[in-house]
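First up is the structure itself, then whatever we jot down about it.
Where a number appears in this text, it was derived from the coordinates with a stated rule and is not lab data. All values reported here derive from a predicted model rather than from experimental measurement. Ideal geometry is used to build each Cβ from the backbone, glycine not excepted, and the neighbour counts take in all protein chains shown.
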Ligand SMILES: [Zn+2]
């Protein structure tokens with residue numbers, strides 16, 4: 001590949017780079033030159049001022065393979081990630097079989113090999129996500145998993161969780177919890193509050209999330225020297241506890257999904273089961289706290305929790321419907337429309353939370369837009385107005401409440417591993 005990206009706006013917070021009207025030449029996958037008015041015999045692509053950022057990384061996606069290939073496969077999930085502007089994703093282990101042993105890790109690695117999008121793998125914390133016996137954490141670490149989690153459920157036993165921390169510490173693995181006190185959420189479908197009462201739907205109280213975050217922070221502090229990450233934080237109290245833990249110097253981090261910073265539980269009234277998530281959409285007060293957490297860095301990363309489901313699992317009543325939505329192809333448009341365009345985050349803060357932080361948390365090599373570095377880039381037009389339609393979806397599943405949404409900001413393409421991909425404009 002020999003490519004000249006002309007007329008771009010480079011933003012790389014890792015080296016405080018923010019320049020417009022610049023050109024970037026990529027040769028053999030490496031950034032060969034950055035400068036103004038570059039001349040080259042490369043294939044030239046005029047990007048009309050589009051933003052070029054370090055490749056975005058989504059640290060929490062469900063690719064459903066092995067086991068539920070009707071919903072998504074590793075191949076279709078990585079295609080959706082690429083079209084959505086990501087150069088890397090981390091797949092969660094609630095597959096069938098779950099990612100509880102090194103054989104499943106190698107199976108997934110083989111399936112992902114050669115794709116432009118890099119795939120990091122999350123292994124389980126306990127055997128088959130049962131929450132009882134520890135998974136073979138050493139073998140998983142040796143097989144190359146970057147973090148461990150029983151995502152989809154929380155580890156119930158504090159004692160088991162303590163042992164998870166002790167083992168993870170030996171391998172410096174990030175421990176990611178799906179924070180849910182299951183005794184308080186059995187049968188619940190949406191946030192417990194005004195909307196659940198009005199509609200008569202069993203509610204999922206915010207405290208059920210916060211109890212687990214609190215317990216885990218205490219355990220992480222007790223064991224010491226561990227890196228703890230709360231997945232898809234959705235409540236004001238959760239954000240506050242992570243902020244306090246960071247202030248005490250603990251290696252505690254968290255992420256938020258685009259749906260949790262754009263929607264509240266009121267979306268259930270218009271979108272029905274397409275607004276059923278786990279954790280559920282919360283209240284405006286929670287969304288405001290999330291915005292503040294994103295701004296002040298309490299929330300380290302934006303992650304989609306991309307959760308493909310067959311339509312029949314959503315086209316049912318709210319209590320029986322599956323939790324979650326696809327997210328890879330709407331994440332950047334939502335981030336640009338709701339965070340950057342509305343002035344809630346600067347472009348540079350947004351890129352930090354979407355690219356640099358997730359790679360750092362997973363212990364992956366950093367990427368930078370510098371001469372001599374591997375070209376790993378996400379390209380988007382932050383001003384482009386467009387409407388998201390079902391036909392745009394590359395994922396095998398279509399469960400999203402955002403079909404028909406007018407966005408400001410569109411993904412132009414990605415460059416990684418010596419390859420480039422561009423969406424049709
Ligand atoms: Zn989860």
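Counting DSSP beta bridges with both partners in the range 56-361, what percentage is antiparallel, nearest 5?
Of all bridge pairs located within the range 56-361, approximately 5 percent are antiparallel.
How far is helix 236-247 tilted, in degrees, relative to the longest principal axis of the Cα atoms in the chain, given as a value from 0 to 90 rounded to the nearest 10?
Computed tilt is about 70 degrees.
Suppose we keep just the DSSP beta bridges with both residues in the range 89-215; what percent of those would be antiparallel, to 5?
If I count the DSSP bridges inside the range 89-215, around 10 percent turn out antiparallel.
How far apart, in nm, are two points set 7 Å out from the Cα along the Cα-to-Cβ line at residue 158 and at residue 247?
2.4
Please find the FRET efficiency linking residue 106 to residue 1, where r is the Cβ-Cβ separation and R0 is fixed at 41 Å, and quote it to the nearest 0.05.
0.90
In Å, what is the Rg of the alpha-carbon atoms in the range 56-361, and how long is Dmax?
Here Rg and the maximum Cα pair distance are 17.8, 51 Å.
Cα centroid distance between the range 138-192 and the range 362-395, in Å?
29
Using the alpha carbon gyration tensor of the range 165-291, what are the three equivalent-ellipsoid semi-axes (square root of 5 times each eigenvalue), largest first, in whole Å?
29, 14, 12
Calculate the all-directions average of the projected area of the range 272-425's alpha-carbon convex hull, and give it in nm².
Reported value for the Cα convex hull: 10.5 nm².
Relative contact order for the chain: what is it in percent, counting Cα pairs under 8 Å that are at least 6 residues apart?
Worked out over the chain, it gives 20 percent.
Which distance in nm do the two modelled labels at residue 390 and residue 138 give, with both placed 7 Å along the Cα-to-Cβ direction?
5.3
On a C-alpha basis, how far is the centre of the range 256-297 from the centre of the range 223-254 in Å? Whole number, if you could?
Distance between centres, Cα-based: 19 Å.
Can you give the calculated 222 nm mean residue ellipticity of the chain, where each DSSP H run of n ≥ 4 adds -39,500 (n - 2.57) and the sum is split over every residue, rounded to the nearest 500 deg cm²/dmol?
Helices in the chain give a 222 nm mean residue ellipticity of -7500 deg cm²/dmol.
Which of 142, 376, 94 ends up with the largest GNM mean-square fluctuation for the chain, with Cα atoms connected below 10 Å?
It is 142.
For the range 1-152, give the share of DSSP beta bridges that are antiparallel, in percent and rounded to the nearest 5; count only bridges with both residues there.
45
Quick one: if you stick a label point 7 Å off each Cα along the C-beta vector at residue 30 and residue 183, how many nm between them?
For residue 30 paired with residue 183, the spin-label model returns 6.0 nm.
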